[in-house]
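Reading through the structure tokens given below for one structure.
The values are calculated or read from the model by the stated rules, or taken from the named source; none is laboratory data. In this text, all values refer to a predicted model and were calculated from it rather than measured experimentally. For neighbour counting, all protein chains shown are included, and Cβ atoms are generated from backbone atoms with ideal geometry for every residue, glycine included.
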Amino acid sequence: MCYAIPGKVETIDKNIAIIDYFGQKKKAINELLSLVPGDYVYAQGGYVIQKVKPHDAKEILEAWQEMFVQLQEVDAKIFRLSDKGAGENLKLRNILDKACEGKALKNEDLEYLLNLKDPAEVELFLKAANFLRQKYHQNACCAHGIIEISNYCRRGCTYCGISTHNGSLKRYRMSPDEIYSAVKEAVDVHGFKAIVLQSGEDPGYSIKELAEIIREIKKRHAVLILISFGEIGIEGLKELFGAGARGLLMRFETSNPELYRKTHSGQELETRLEHIREAYKIGYLIITGGLVGLPGQTSKDIINDLFLAKELNAEMFSFGPFLPHPNTPLAGSAVLEGDSILKTLALARFVALPESKILVTTAFETLTPSAREQGLLAGANSLMLNVTPLKYRALYSIYPKRAHELESIDIQVKDVIMLLKSLGRVPTDLGISQGG
Ligand code: 5AD
């Protein structure tokens with residue numbers, strides 16, 4: 001036996017009806033020819049089952065109204081923490097209960113979580129983030145492809161292996177035709193619906209040339225294009241938006257202006273932020289975030305980073321570990337512990353707007369082989385697959401021995417689909433038919 005609440009049909013477009021349940025909108029397939037907006041219906045399993053007389057519907061709805069609101073609250077609190085795991089730690093329970101109800105946490109609560117040490121407590125904290133992910137995104141997981149079109153870079157960022165500090169790196173720049181065939185493979189063969197084009201700050205490609213490449217890709221494929229070419233200027237951003245780019249991947253790296261200056265050879269954080277803010281105004285989807293574990297960075301810095309990503313309207317939060325590269329000034333720096341990143345991802349889920357996505361980065365995968373699974377179970381719901389041609393992949397050496405450096409796209413897609421399946425997730429941006 002199953003109970004149902006009548007809903008009111010708001011709109012009907014072809015065979016899809018949008019149905020309102022106490023303010024929540026649900027889609028259902030309609031096969032009743034006589035249905036019109038304003039009708040009350042029962043819907044089950046995504047289908048309109050039958051119409052309900054308005055008088056009957058209103059009576060039932062009145063009876064349900066109070067219960068419905070209560071159920072929503074129960075749903076929010078369902079993660080009320082059992083005695084197991086949290087132990088006697090009432091403070092932790094209270095903070096996590098607040099987070100699970102979608103309430104804002106204080107900075108001191110966030111810092112407390114970030115500095116948790118007890119494994120059982122950490123586990124509970126990560127579970128709470130997973131609970132929120134489930135609540136806001138159900139089982140959807142997006143998987144974008146990234147093509148690194150050039151490893152030339154004019155910047156001297158002290159952490160980065162493709163910066164000017166690395167004199168021994170072989171440089172490459174893909175030709176437009178190489179880019180088109182990489183996009184074609186990703187989109188036509190592997191089913192990607194969103195592609196990031198990334199490079200160092202490479203003066204070898206003019207904005208005009210980049211715009212032409214984007215225009216050509218848009219002509220050939222129905223695909224969302226995100227760009228990540230560094231600080232190309234506001235005019236550059238406008239031009240590439242005009243050519244069809246719709247997303248900007250640009251990390252601010254750190255919200256601490258002093259640390260930013262130190263690690264970016266005297267450049268100003270403000271210039272970076274201006275790019276991101278203007279890009280948002282132009283209409284770009286924003287993917288931003290920072291490096292975790294830079295020498296001199298504090299827990300407070302990391303928490304400020306999360307708030308800054310939110311303030312910048314991040315559609316997707318991208319936070320990954322700093323991994324020292326031997327040919328940079330920061331060679332030999334301490335390597336971060338894996339669970340600091342997990343904790344940062346989980347905190348991001350607490351700080352972010354419900355609709356924001358949280359990425360498991362390749363850098364985290366490089367640090368921790370099971371990063372994807374762990375991250376997806378700690379609040380993250382997004383992955384990026386490297387679809388750069390294999391002959392160039394290892395040359396995009398921002399840090400050494402990147403995960404998936406030697407794996408064909410085929411293998412990567414199969415692995416991701418298998419992983420997502422095992423976790424009960426759906427790859428919403430990949431062709432689901434691919435790889436079974
Ligand atoms: N470790 C981790 N991430 C790095 N990046 C650059 N160098 C490193 C490193 N050594 C990241 C930066 C940049 C992105 C493209 O790569 O955060 O935004």
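Assigned to a loop (DSSP other than H, G, I, E, B) and either closer than 30 Å to L124 by Cα or assigned by TED's automatic domain parsing to the domain that holds P326 (or both), is that true of E405?
Working: assigned to a loop (DSSP other than H, G, I, E, B): yes; either closer than 30 Å to L124 by Cα or assigned by TED's automatic domain parsing to the domain that holds P326 (or both): yes.
For E405, the condition - assigned to a loop (DSSP other than H, G, I, E, B) and either closer than 30 Å to L124 by Cα or assigned by TED's automatic domain parsing to the domain that holds P326 (or both) - is met.
Which condition does T368 not pass, out of (1) crowded, with 23+ Cβ neighbours inside 10 Å; (2) under 23 Å from V416 (Cβ atoms); (3) within 15 Å of the ligand (Cβ to nearest atom), if it passes all the others?
(1)
Against the condition on the phi < 0 side of the Ramachandran plot, out of contact with any Leu (no Cβ under 7 Å at 6 or more places or on another chain) and either among the charged types (D, E, K, R) or surrounded by fewer than 22 Cβ atoms within 10 Å (Cβ to Cβ) (or both), how does E274 come out, does it pass? Please lay out each step first, then the result.
Values: on the phi < 0 side of the Ramachandran plot: yes; out of contact with any Leu (no Cβ under 7 Å at 6 or more places or on another chain): yes; either among the charged types (D, E, K, R) or surrounded by fewer than 22 Cβ atoms within 10 Å (Cβ to Cβ) (or both): yes.
So E274 fits the description; yes.
Out of the residues in segment 245-262 that are more than 16 Å from the ligand (Cβ to nearest atom) and in a loop (DSSP other than H, G, I, E, B), which is nearest to I358 (Cα to Cα)?
Across segment 245-262, the extreme among qualifying residues is R246.
Mind checking which residues of segment 288-311 are more than 12 Å from the chain's Cα centre (by Cα), within 22 Å of C142 (Cα to Cα) and not aliphatic (A, V, I, L, M)?
Answer for segment 288-311, where residues must be more than 12 Å from the chain's Cα centre (by Cα), within 22 Å of C142 (Cα to Cα) and not aliphatic (A, V, I, L, M): G290, K310.
Of the residues in segment 269-311, how many are within 13 Å of the ligand (Cβ to nearest atom), part of a strand (DSSP E or B) and of a type in the set (A, V, I, L, M)? Full working, then the answer.
Taking segment 269-311 as the starting set, the residues that turn out to be within 13 Å of the ligand (Cβ to nearest atom) are 272, 275-276, 287-295, 297, 305, 309.
Okay, now just the ones that are also part of a strand (DSSP E or B), so 287-292.
With of a type in the set (A, V, I, L, M) added as a condition, the list becomes 287, 291-292.
Adding up the residues that qualify gives 3.
Which members of segment 98-126 meet the condition of being in a loop (DSSP other than H, G, I, E, B) and acidic (D, E)?
Here is the first cut: in segment 98-126, the ones in a loop (DSSP other than H, G, I, E, B) are 101-106, 115-118.
If the condition is that a residue be in a loop (DSSP other than H, G, I, E, B) and acidic (D, E), then E101, D118 are the ones that fit.
Out of (1) touching a Phe, Trp or Tyr at 6+ places or on another chain (Cβ under 7 Å); (2) buried (at least 19 other Cβ atoms within 10 Å of the Cβ), what's the single condition that is false for L306?
So the condition that L306 fails would be (1).
Just to be sure before I move on: is N151 surrounded by 22 or more Cβ atoms within 10 Å (Cβ to Cβ) and in contact (Cβ under 8 Å) with a residue 12 or more places away in the chain in the structure I sent?
Details: surrounded by 22 or more Cβ atoms within 10 Å (Cβ to Cβ): yes; in contact (Cβ under 8 Å) with a residue 12 or more places away in the chain: yes.
Criteria met by N151.
Give me a count of the residues in segment 128-185 that are of a type in the set (A, V, I, L, M) and either outside the structural domain of L226 (by TED's automatic domain parsing) or assigned to a helix (DSSP H, G or I) (or both). I'd like the intermediate steps shown before the answer.
Step one: list which residues in segment 128-185 are of a type in the set (A, V, I, L, M), which gives 128-129, 132, 140, 143, 146-147, 149, 162, 169, 174, 179, 182-183.
Within this subset, residues satisfying the condition of being either outside the structural domain of L226 (by TED's automatic domain parsing) or assigned to a helix (DSSP H, G or I) (or both) are 128-129, 132, 179, 182-183.
Of the residues in that region, 6 qualify.
Which is surrounded by fewer than 20 Cβ atoms within 10 Å (Cβ to Cβ), assigned to a loop (DSSP other than H, G, I, E, B), away from the ligand (no atom under 14 Å from the Cβ) and assigned by TED's automatic domain parsing to the domain that holds T328, of G242, G266?
G266
Within segment 240-269, can you find the residues that are more than 28 Å from S382 (Cα to Cα) and among the charged types (D, E, K, R)?
E258, R261, K262, E268, listed by residue number.
Taking only pairs six or more apart or across chains, which ones have beta-carbon atoms under 6 Å, a first residue in segment 155-171 that is under 17 Å from E268 (Cβ atoms) and among the β-branched types (V, I, T), and a second residue that is within 13 Å of the ligand (Cβ to nearest atom) and not in a loop (DSSP other than H, G, I, E, B)?
As it stands, the answer is T158/T263, since those pairs meet every condition given.
Kindly evaluate L383 against the criterion of being buried (at least 24 other Cβ atoms within 10 Å of the Cβ) and either in contact (Cβ under 8 Å) with a residue 60 or more places away in the chain or more than 16 Å from the ligand (Cβ to nearest atom) (or both). Break it down stepwise before answering.
On the way: buried (at least 24 other Cβ atoms within 10 Å of the Cβ): yes; either in contact (Cβ under 8 Å) with a residue 60 or more places away in the chain or more than 16 Å from the ligand (Cβ to nearest atom) (or both): yes.
Criteria met by L383.
Is it the case that some residue within segment 352-361 is buried (at least 22 other Cβ atoms within 10 Å of the Cβ), within 10 Å of the ligand (Cβ to nearest atom) and either in contact (Cβ under 8 Å) with a residue 12 or more places away in the chain or not acidic (D, E) (or both)?
yes
Got at least one residue in segment 350-362 being in a helix (DSSP H, G or I) and modelled with pLDDT under 95?
Taking segment 350-362 and keeping what is in a helix (DSSP H, G or I), we get 350-351, 362.
The next check asks that each one be modelled with pLDDT under 95; those that pass are none.
For segment 350-362, residues in a helix (DSSP H, G or I) and modelled with pLDDT under 95: absent.
From V187, V183, V122, which residue is of a type outside the set (G, A, S) and closer than 20 Å to G320 by Cα? Reasoning before the result, please.
Details: V187 fails: closer than 20 Å to G320 by Cα; V183 fails: closer than 20 Å to G320 by Cα.
So the residue among V187, V183, V122 that is of a type outside the set (G, A, S) and closer than 20 Å to G320 by Cα is V122.
Could you check Y396 against (1) assigned to a loop (DSSP other than H, G, I, E, B); (2) touching a strand residue (DSSP E or B) at 6+ places or on another chain (Cβ under 8 Å); (3) away from the ligand (no atom under 14 Å from the Cβ) and say which number it fails?
Only one criterion in (1) assigned to a loop (DSSP other than H, G, I, E, B); (2) touching a strand residue (DSSP E or B) at 6+ places or on another chain (Cβ under 8 Å); (3) away from the ligand (no atom under 14 Å from the Cβ) is unmet by Y396, namely (3).
If you check S265, S228, which single one turns out to be closer than 30 Å to L114 by Cα, over 22 Å from the mean Cα position of the chain (by Cα) and among the polar types (S, T, N, Q)?
S265
Return yes or no: is A314 at pLDDT 95 or above, within 20 Å of C142 (Cβ to Cβ) and away from the ligand (no atom under 13 Å from the Cβ)?
Working: at pLDDT 95 or above: yes; within 20 Å of C142 (Cβ to Cβ): yes; away from the ligand (no atom under 13 Å from the Cβ): yes.
So A314 fits the description; yes.
Taking the options I95, I60, name whichever one is surrounded by 12 or more Cβ atoms within 10 Å (Cβ to Cβ) and either modelled with pLDDT of 85 or more or not in a helix (DSSP H, G or I) (or both). Don't jump to the end; show me each part of the working.
On the way: I60 fails: either modelled with pLDDT of 85 or more or not in a helix (DSSP H, G or I) (or both).
Result of the check over I95, I60: I95.
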